[in-house]
Amino acid sequence: MGTTDDAKNKAEELKGRGKEAAGSLTDDQDLKNEGKGDQAQAQGKQKITEAADAVKGKVDDVKDKLTGH
């Protein structure tokens, strides 16, 4: 995981915000909804990345305790 995934998720969220804004400006409800969906998907991926990082950190802590580091 890490900063690469964080950057990709943030870029996807920003793309969604752009679509939502464009949909609002052009009164295109489909584009606006697509943008909201992109944002939700990016936020979901970010939560998964954060959870995976937390689990990895706990696994590393246990591993360090078992190896005496």
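The values are calculated or read from the model by the stated rules, or taken from the named source; none is laboratory data. What you see is a predicted model; the values in this text were computed from it and never measured. Every residue, glycine among them, receives a Cβ derived from its backbone with ideal geometry; neighbour counts consider all protein chains shown. Surface accessibility is based on the protein's heavy atoms, side chains included, excluding ligands, DNA and RNA. Shrake-Rupley method; radii C 1.70, N 1.55, O 1.52, S 1.80 Å.
Observations on the model:
- Counted charge near Asp30, where neighbours are those whose Cβ lies closer than 14 Å (Asp, Glu -1; Lys, Arg +1): -2
- Computed from point charges on the beta carbon alone (+1 for Lys and Arg, -1 for Asp and Glu), the dipole magnitude for the chain about its Cα centre is near 240 Debye.
- Debye-formula intensities of the chain, expressed as log10 I(q)/I(0) at q = 0.13, 0.25 Å⁻¹, are -0.49, -0.93 (one equal scatterer per alpha-carbon, no solvent).
- Relative contact order of the chain, defined on C-alpha pairs under 8 angstrom at six or more residues apart (%): 34 percent
- CD proxy at 222 nm, helix term only [per DSSP H run n ≥ 4: -39500 (n - 2.57); per residue of the chain; nearest 500]: -33000 deg cm²/dmol
- Surface composition of the chain: carbon and sulfur atoms hold 57% of the protein heavy-atom accessible area at a 1.4 Å probe.
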